[in-house]
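Colleague: Have a look at this one before I ask anything.
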Amino acid sequence: MMRRASWPLLLSALLLAGCNRPLPEQQDRSIDTGNPLEIAARERGVIRRDAAEPTGVFERSHELGRDALCVVPAGTGSWRFAVSAAFGAGLSCRAAGSVAREGEGWRFTFTSVEDCSIVLHEEEDELRLPGKLPSQCDSLCPGRTSLAGLRLPRASWSAADAKRLQMRDQEGNMSLPCSD
């Protein structure tokens, strides 16, 4: 009889021990942002930065190739970007431009086409381009290809990673479009 009674007591003691855990919001307050490991993790992009900014790498691989976007700071409140989308063997689109905050989103302005800009929102760590781009952006990509509807999951929050991101240029050579 003694053994049967000890199990409920042990279980009760374990449940009560869990009651002393801090709530998740209390745990967040205890993060030491000055800790060298915390700093290194944030700089490397392992841990999301508190500041909402587009800096980093967004990319995904699929059966037709790889789509990628890098964003790096270009001054106070401004950034520059390069994007590449694969549509199969030898068919791709590559563009670059500037980024600025607009409301809750980011205005991406393409330098290769006059008056071609779109507002993007990062939703659940993914940038989603609109399903239809403005008509002035029609010449952004060759042939019938388009960046419309492109979805790019965030891979990093790090400017260093964005500067190291390689993309194929028009000749098929690898380049670092977001490096200095």
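The values are calculated or read from the model by the stated rules, or taken from the named source; none is laboratory data. Note that the structure is predicted; figures quoted are calculated from it, not measured. FYI the Cβ positions are ideal-geometry reconstructions off the backbone, even for glycines, and counts take in every protein chain you see.
Colleague: Please find, within the stretch 141-170, the residue that is surrounded by the fewest Cβ atoms within 10 Å (Cβ to Cβ) out of those that are touching a Ser or Thr at 6+ places or on another chain (Cβ under 7 Å) and of a type in the set (A, V, I, L, M).
Modeller: Checking each candidate, the answer is 159.
Colleague: Here are the criteria: (1) more than 21 Å from the chain's Cα centre (by Cα); (2) closer than 15 Å to residue 55 by Cβ. Tell me which single one residue 139 does not satisfy.
Modeller: So the condition that residue 139 fails would be (2).
Colleague: Any chance you could count how many residues in the stretch 82-128 are of a type in the set (A, V, I, L, M), over 13 Å from residue 140 (Cα atoms) and touching a strand residue (DSSP E or B) at 6+ places or on another chain (Cβ under 6 Å)? Walk me through how you get there before you give the answer.
Modeller: Of the stretch 82-128, the ones of a type in the set (A, V, I, L, M) are 82-83, 85-86, 89, 91, 95-96, 99-100, 113, 118-120, 127.
Filter again for over 13 Å from residue 140 (Cα atoms), leaving 86, 89, 91, 99-100, 119-120, 127.
Next cut, touching a strand residue (DSSP E or B) at 6+ places or on another chain (Cβ under 6 Å) only: 86, 99-100, 119-120, 127.
Going through the stretch 82-128 one residue at a time, the tally reaches 6.
Colleague: Of everything in the stretch 110-129, what is surrounded by 15 or more Cβ atoms within 10 Å (Cβ to Cβ) and either modelled with pLDDT of 95 or more or over 14 Å from residue 69 (Cα atoms) (or both)? Give them in sequence order.
Modeller: Passing the criteria: 110, 113, 116, 117, 118.
Colleague: From the list 145, 109, which residue is out of contact with any Phe, Trp or Tyr (no Cβ under 8 Å at 6 or more places or on another chain) and over 16 Å from residue 57 (Cβ atoms)?
Modeller: Details: 145 fails: out of contact with any Phe, Trp or Tyr (no Cβ under 8 Å at 6 or more places or on another chain).
Matching residue, one of 145, 109: 109.
Yes/no per residue for (1) in contact (Cβ under 8 Å) with a residue 60 or more places away in the chain; (2) part of a strand (DSSP E or B); (3) on the phi > 0 side of the Ramachandran plot:
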{"residue": "71", "(1), (2), (3)": "yes, yes, no"}
{"residue": "79", "(1), (2), (3)": "no, yes, no"}
{"residue": "108", "(1), (2), (3)": "no, yes, no"}
{"residue": "161", "(1), (2), (3)": "yes, no, no"}
{"residue": "177", "(1), (2), (3)": "yes, no, no"}
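Colleague: Looking at the stretch 49-80, which of its residues are closer than 13 Å to residue 161 by Cα and more than 13 Å from the chain's Cα centre (by Cα)?
Modeller: 73
Colleague: If you check residue 100 against the conditions, is it surrounded by fewer than 18 Cβ atoms within 10 Å (Cβ to Cβ), of a type in the set (A, V, I, L, M), more than 13 Å from the chain's Cα centre (by Cα) and not in a loop (DSSP other than H, G, I, E, B)?
Modeller: Values: surrounded by fewer than 18 Cβ atoms within 10 Å (Cβ to Cβ): yes; of a type in the set (A, V, I, L, M): yes; more than 13 Å from the chain's Cα centre (by Cα): yes; not in a loop (DSSP other than H, G, I, E, B): yes.
In short, yes.
Colleague: Quick one: in the stretch 66-95, of everything that is among the small types (Gly, Ala, Ser) and either in contact with a Leu (Cβ under 7 Å, 6 or more places away or on another chain) or crowded, with 18+ Cβ neighbours inside 10 Å (or both), which residue is nearest to residue 170 (Cα to Cα)?
Modeller: 92
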